[in-house]
Every structure is written in C-alpha cells, then in structure tokens.
Amino acid sequence: MAIRDTSRKPYIEDNNTDIFIGLDLPIRKSEGKEGYFASTSTTIEAVKNNIRNLLNTHKGERLMQPNMGIGLRKYLFQQLTPDINIQIQDEIADTISTWLPFVEIQNIDIIVASDDSTVGQNTLKVSVSFNIKQNPNTLESVQVAITTTSEQSDNTNQGGY
C-alpha cells in the first residue's frame, strides 16, 4: 500500500520582504537590515543566483563535491555544430536536474560570439528559461556569458621569482 508523503510543505509565494533566503550576487556588503551581506528576499531570485552559480562552476572546482558544475569554458573555441549545441543543452539540463531538482527547464539558448577586433577572445552566451515545478506560472530566465581572452592565459608567473 502506498503511503502519501505529507511532510513536504506546499510552495508558498514570498510575501514578506523581511525574510531573506540567500546571498545576492555579486557578493557585497548590505546597505539594509538583511545582515552583513546583501541577500535575496524572494525564492525566484535565490534560484536565479543558484542557476548562475551552477553554470559558472567547473567540475572539480567545488570542494567535497567534484561532480558539481558544468565547465562551459571547454566549449569556447569549438565550432558550434548542432551536435555540440545538443551536447551543451543536455549537460546543462542534466546538471540542473541533479542539483536543482525543483527547477523545470523550458528553453536553453546557446550563442557563440567572437570579437574580430581582439584576437583570441570568444564568448559563450547561455540563456536558460525555467520555472519552479511547484509554481509553473513563474517563467524566468538567467543569462550567463563565459569569456576568455588571450591576456588571461598570458598572466602566468608574474610573482617576481
């Protein structure tokens, strides 16, 4: 016989601006009453920050959680073929479903752009449209741009040794 799980609370809309959920990005000192660091007061803003952090995290970067992250930088200098596009979308969808199972992805857009004026600079722009599963009427999106330049790779060993 199936047992119904009644321990989970239903999704509640954020109406109280005095309750804070997570750190706001970029991390900065608070100007108000939320504590030392600026914080988000709505669930949707906290989820947007979580998705942004997940997309910017490389696998192996997080201590004690080596499988967390995506590592989008490895796709910067590849040709964006339909196969690579699908591979990136699948990797994003799998990672979000693993680490944020309460998020339902609606659409993932990927654009690779290169700046012709600067040699060695490419940008991978990812846009993820999503909603929270318990409230399907909240359609939001997050944009992340991963950029690398040749100057970043040339800054090795400037310690004066």
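Here are some notes:
- Any hit, region 118-129, residues being over 26 Å from ILE27 (Cα atoms), open to solvent by 50 Å² or more (accessible area, probe 1.4 Å) and at pLDDT below 85: yes
- Matching residues, region 24-58, being among the hydrophobic types (A, V, I, L, M, F, W, C) and farther than 25 Å from ARG73 by Cα: PHE37, ALA38, ILE44
- Of residues in region 30-69 being more than 16 Å from ILE92 (Cα to Cα), assigned to a loop (DSSP other than H, G, I, E, B) and of a type in the set (Ser, Thr, Tyr), the one most open to solvent (accessible area, probe 1.4 Å): TYR36
The values are calculated or read from the model by the stated rules, or taken from the named source; none is laboratory data. Here the structure is a predicted model, which means the values were calculated and not measured. Ligands, DNA and RNA are stripped out before the accessible areas are found, and what is left, the full protein with its side chains, is counted by its heavy atoms. Shrake-Rupley method; radii C 1.70, N 1.55, O 1.52, S 1.80 Å.
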